[in-house]
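Trainee: I have a structure I would like to understand better, so I am pasting it below and will then ask my questions one at a time.
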Amino acid sequence: MSAEAERRAAWRASLAVGLAVSAYGVSFGALAVASGLDIWQACVLSLVMFSGGSQFALIGVLASGGAAAGPAAIAGATLLGLRNGLYAIRVSPIIGPGWAKRLLAGHLTIDESTAVATAQPTLASQRVGFWATGAIIYVGWNLMTLLGAVLGDLLSDVRQFGLDAAAGAAFLGLVWPRLRALQPIAVAVGSAVVAAVLLPALPQGLPVLVAALVAVVVGVPNLFARRDTGEGTA
Amino acid sequence: MTVWQIILLASILVLGIKLLGYLVPPRVLEAPTAARTAELTTVALLSALIVVQTIGAGQGIVIDARLPALAVAAGLFALRVPFILVIIAAAATAAGLRALGWG
């Protein structure tokens with residue numbers, strides 16, 4: 001693939017993931033208001049915290065426990081935000097030097113910008129993937145949060161148009177080209193199973209964090225490291 | 001604590017964790033084991049997110065129109081259909097099933 005084609009591919013992935021994920025901002029805004037926050041509090045969360053899992057965790061605890069549950073709400077959101085610190089180490093070489101650029105990149109370091117960036121084949125296309133995905137989601141997520149908070153309980157529209165299904169398909173498209181050897185396939189299957197099993201057991205956001213440990217379990221001892229492709233794979 | 005204090009403190013902590021990661025030397029991930037594990041982390045993360053997005057419902061599991069939509073997407077990716085078209089087809093599948101009254 002030429003460098004230009006790789007950049008275009010990074011843009012397409014950014015747009016698909018960015019638009020699908022941004023749509024969820026509507027449900028966050030609506031749920032935040034339903035949890036007792038006002039419109040501005042919902043918007044400040046999306047503007048400053050800007051990490052979907054942590055935001056949903058915070059309003060989830062506040063909805064059931066009110067302001068008295070503040071410490072638990074803060075702890076839950078912070079715990080879920082820890083993975084962003086790992087993403088920051090991962091994408092730091094992609095961003096390169098310059099404190100202002102790194103400060104801005106830090107704010108945009110989330111699941112999706114990291115996933116799209118690291119799924120690209122070259123440094124140039126990784127940069128496109130990170131900044132395009134981060135910027136699209138930042139603008140989209142905040143606009144949709146405001147819209148959702150204003151519209152309140154009209155969030156069923158997101159589902160009516162199938163946008164919730166689009167997000168899963170977008171992630172599938174990102175992982176698909178990486179499944180050419182046994183090792184990543186084993187990790188993909190393993191983490192999917194772990195996430196599914198933990199979904200009912202752990203608070204929102206944690207299943208993804210624990211499932212990511214499958215990469216450590218397989219990667220550190222270098223299990224399933226056969227190089228050939230497509231033969232006898234799961 | 002007031003709701004505003006909770007919101008501001010939690011937001012600053014979550015943002016601070018992101019910024020702290022940029023102060024850790026990238027060399028930490030340069031060793032072969034670290035690099036391999038970091039690559040596999042992307043695969044694990046994406047796979048877990050697919051599951052959460054497809055059958056997750058808050059803290060729990062719901063099987064609905066998202067699952068057949070994901071199956072349609074998998075079939076189209078296997079046929080090398082372009083990314084954007086697959087996403088649209090997946091959304092249309094879920095929207096269509098719901099219009100018919102399922103999921």
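Trainee: What's the carbon and sulfur percent of chain B's accessible surface, probe 1.4 angstrom, rounded to a whole number?
Mentor: On the way: 3590 of 4870 Å².
Answer for chain B is 74 percent, counting heavy atoms of protein chains only.
Trainee: Now for a different question. Find the relative contact order for chain A and round it to a whole percent, using C-alpha pairs within less than 8 Å whose residues are 6+ positions apart. Walk me through the numbers before you get to the answer.
Mentor: Numbers: 305 pairs, mean separation 70.6, N = 234.
Once divided by the residue count of chain A, the mean separation gives 30 percent.
Trainee: Quick one: Karplus J couplings for region A:85-95, per residue in order, coefficients 6.51, -1.76, 1.60, θ = phi - 60°, nearest Hz, x for Gly and Pro?
Mentor: x, 5, 4, 4, 4, 5, 8, 3, x, 5, 6
Trainee: What is the average number of partner chain Cβ atoms found within 10 Å of a Cβ in B:56-64?
Mentor: Whole-number average of other-chain Cβ neighbours for B:56-64 is 5.
Trainee: Now, a different point. Tally Lys/Arg at +1 and Asp/Glu at -1 over every other residue whose Cβ is under 14 Å from the Cβ of A:Ala211; what's the total?
Mentor: Values: positive: A:Arg83; negative: A:Asp111.
Counting the neighbours of A:Ala211, the net charge comes to 0.
Trainee: Keeping all protein chains in place, calculate the accessible area per residue for region B:29-99 (probe 1.4 angstrom), answer in Å².
Mentor: 41 Å²
Trainee: Return the value, in Å² to the nearest 100, of accessible area buried between chains A and B (probe 1.4 Å, both sides summed). The partial results should precede the final answer.
Mentor: Details: alone 12660 and 8320 Å², together 14480 Å².
Separately minus together, A and B give about 6500 Å² buried.
Trainee: Let me ask you something else. Against the longest principal axis of chain A, how steep is helix A:163-175, in degrees 0 to 90 to the nearest 10, with axes from Cα atoms?
Mentor: Rounded to the nearest ten degrees, it is 30.
Trainee: Have a look at region B:87-103 and report residues whose accessible surface goes down by 40 Å² or more when the remaining protein chains are included, against the chain on its own, probe 1.4 Å, ligands and DNA/RNA excluded.
Mentor: Listed by number, the residues meeting the 40 Å² cut-off are B:Ile87, B:Ala91, B:Arg98.
Trainee: Now, a different point. If you roll a 1.4 Å probe over chain A with all protein chains in place, what percent of the accessible area is carbon or sulfur?
Mentor: On the way: 6870 of 9610 Å².
C and S fraction of accessible area: 71 percent.
Trainee: Specify whether the C-alpha gyration tensor of region B:29-99 places it in the rounded, prolate or oblate class, a ≥ b ≥ c being the square roots of the eigenvalues: rounded for a/c under 1.5, otherwise prolate if a/b is larger than b/c and oblate if not.
Mentor: Values: a/c = 3.95, a/b = 1.66, b/c = 2.38.
Judged from the Cα gyration tensor, region B:29-99 comes out oblate (a/c at least 1.5, b/c at or above a/b).
Trainee: Give the residues of region A:23-46 whose amide nitrogen is closer than 20 Å to a point set 7 Å from the Cα of B:Val62 in the direction of its Cβ.
Mentor: Within reach of a label on B:Val62: A:23-36.
Trainee: In degrees, nearest 10, range 0 to 90: what is the angle between the Cα axis of helix B:3-21 and the longest Cα principal axis of chain B?
Mentor: 80 degrees
Trainee: Still on this structure, I have one more. For region A:60-103, what does the accessible surface come to per residue with a 1.4 Å probe? Please give it in Å². Could the numbers behind the result be given before it?
Mentor: Details: 1900 Å² over 44 residues.
Using a 1.4 Å probe on heavy atoms only, each residue of region A:60-103 averages 43 Å².
Trainee: Okay, moving on. Using only atoms on other chains, find how many Cβ atoms lie within 10 Å of each Cβ of peptide A:183-191 and report the average. Spell out each step's value before the answer.
Mentor: Details: counts 4, 6, 2, 2, 10, 7, 1, 4, 11.
Mean partner-chain Cβ count within 10 Å for A:183-191: 5.
Trainee: Moving on to the next point. What average count of beta carbons from other chains do you get within 10 Å of the Cβ of residues in B:67-76? Can you show the working numbers first?
Mentor: On the way: counts 2, 1, 6, 5, 1, 2, 9, 4, 0, 3.
Counting Cβ atoms of other protein chains within 10 Å of each residue's Cβ and averaging gives 3.
Trainee: Still on this model: How big is the charge dipole of chain A about its Cα centre, in debye rounded to the nearest 20, if each Lys and Arg gets +1 on its Cβ and each Asp and Glu gets -1 on its Cβ?
Mentor: On the way: 13 positive and 10 negative charges, 141 e Å.
So the magnitude is around 680 debye.
The values are calculated or read from the model by the stated rules, or taken from the named source; none is laboratory data. The structure presented is a predicted model; accordingly, all values stated were derived computationally and were not measured. Using ideal geometry, Cβ is built from the backbone for each residue, glycine included, and neighbour counts are taken over all protein chains shown. Calculation scope for accessible area: heavy atoms of the full protein, side chains included, ligands and nucleic acids excluded. Shrake-Rupley method; radii C 1.70, N 1.55, O 1.52, S 1.80 Å.
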